[in-house]
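Undergrad: Before anything else, here's the structure in question.
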Amino acid sequence: MNPDLLFKLALTDVPKIGHIHANTLLSHFGTAEAVFAAPVSKLERLPGISTTIARNIRSFKNFEAAEAELRFIEKYKIETLCINDEKYPRRLKHCEDPPIMLFYRGNIDLNSERMIAIIGTRSSTEYGRMLTDKLVKALQEYNVVIVSGLAFGIDVYAHKAAIRYNIPTIGVLGHGLDTLYPPEHSSIAKTMIKNGGLLSEFK
């Protein structure tokens, strides 16, 4: 079992910590294990880290949940990306509160030079689907990765078009990798893992 990853997973379970505070702590202490080892007096000196948050870190005991999460990650060969990892999507770091952890199944570099997001209504029309297909087809020659949400409508149609034209495609999910919604898209999700992937900030 990877102890460094265990502490990172546990850090995301600390009450009231959130992405911004977790990033502040990791930037200062270097590792999640060092965060848990720090005394309250040092923790609360950092910007935004209240006494309540500092005490929540020091009193945190629920490492069993993190251990269960780690077993699941190892069993299903899920790649974990912490914000201070080299493979973490650099574009996300421009957000005000980028996720401290990402969970990924796939084979595409998440820092690929050209990534195009295509999203749209779930109640797509024939014209919308035709336009999506035309757009994706036109992107074939530009060495892009198509990103969408694997939802009904334009999202899944963009993924299907990418597969049709042999373009890598990544689905950004609104839930953990332990499930898939909608279940009707399970088959296409499996195909995407072979040329693209599935990405989530949720455990």
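No value in this document is a laboratory result; all are computed from the given coordinates. Computed from a predicted model, the values in this text were never measured in an experiment. Cβ coordinates were reconstructed from backbone atoms using ideal geometry, including for glycine residues, and neighbour counts include every protein chain displayed.
Undergrad: With charges only on Cβ, +1 for K and R and -1 for D and E, what is the dipole size of the chain about its Cα centre, in debye, rounded to 20?
TA: That gives the chain a dipole magnitude of about 140 debye.
Undergrad: Here are some values of semi-axes √(5λ) of the Cα gyration tensor in Å: (i) 38, 27, 17; (ii) 41, 18, 17; (iii) 37, 17, 15. Which one was computed from this structure?
TA: (iii)
Undergrad: So what are the three principal axis dimensions of the range 66-160 from its Cα atoms, in whole Å, longest to shortest?
TA: Dimensions of the range 66-160 along the principal axes of its Cα atoms: 48, 27, 27 Å.
Undergrad: How far is it, in nm, from the label point at residue 135 to the one at residue 28 when both lie 7 Å from their Cα along the line to the Cβ?
TA: 4.3 nm
Undergrad: For the range 6-101, just list the percent of Cα-Cα distances falling in each 5 Å bin from zero outward, please.
TA: Pairs per bin, as whole percents: 2, 14, 24, 25, 19, 12, 4, 1.
Undergrad: Continuing with the same structure: On full extension of the chain, what length is gained from residue 13 through residue 95, given 0.36 nm per residue of separation minus the C-alpha to C-alpha distance? Spell out each step's value before the answer.
TA: On the way: separation 82, 0.36 × 82 = 29.52 nm, distance 2.13 nm.
Taking 0.36 nm per residue and subtracting the Cα distance, the gain is 27.4 nm.
Undergrad: Hey, what did the chain get for relative contact order, percent, Cα under 8 Å, at least 6 apart?
TA: On the way: 318 pairs, mean separation 35.4, N = 203.
After rounding, I find 17 percent.
Undergrad: Restricting to DSSP H runs of at least four residues, report the calculated mean residue ellipticity at 222 nm for the chain, -39500 (n - 2.57) per run over all residues, nearest 500 deg cm²/dmol.
TA: Numbers: 9 runs with 86 residues, N = 203.
Rounded to the nearest 500, it is -12000 deg cm²/dmol.
Undergrad: Could you please tell me the mean projected area of the C-alpha convex hull for the range 54-116, averaged over all directions and given in square nanometres to one decimal? If you can, show how the numbers build up before the last one.
TA: Values: hull surface 24.1 nm².
The orientation-averaged projected area of the Cα hull of the range 54-116 comes to 6.0 nm².
Undergrad: I want the antiparallel fraction of DSSP beta bridges within the range 78-203, as a percent rounded to 5.
TA: Counting only bridges with both partners in the range 78-203, antiparallel ones make up about 45 percent.
Undergrad: Where a Cα-Cα gap under 16 Å defines reach, which aspartates and glutamates qualify for residue 87, not counting those fewer than 8 residues away within the same chain?
TA: Correct list for residue 87: 79, 109, 113, 201.
Undergrad: Right, next: Note down the relative contact order for the range 3-75 as a percent, whole number, built from C-alpha pairs under 8 angstrom at least six residues apart.
TA: 39 percent
Undergrad: Would you tally the net charge around residue 154, using a Cβ to Cβ cut-off of less than 14 Å, leaving residue 154 out, and scoring K and R as +1, D and E as -1?
TA: Cβ neighbours under 14 Å give a net charge of +1.
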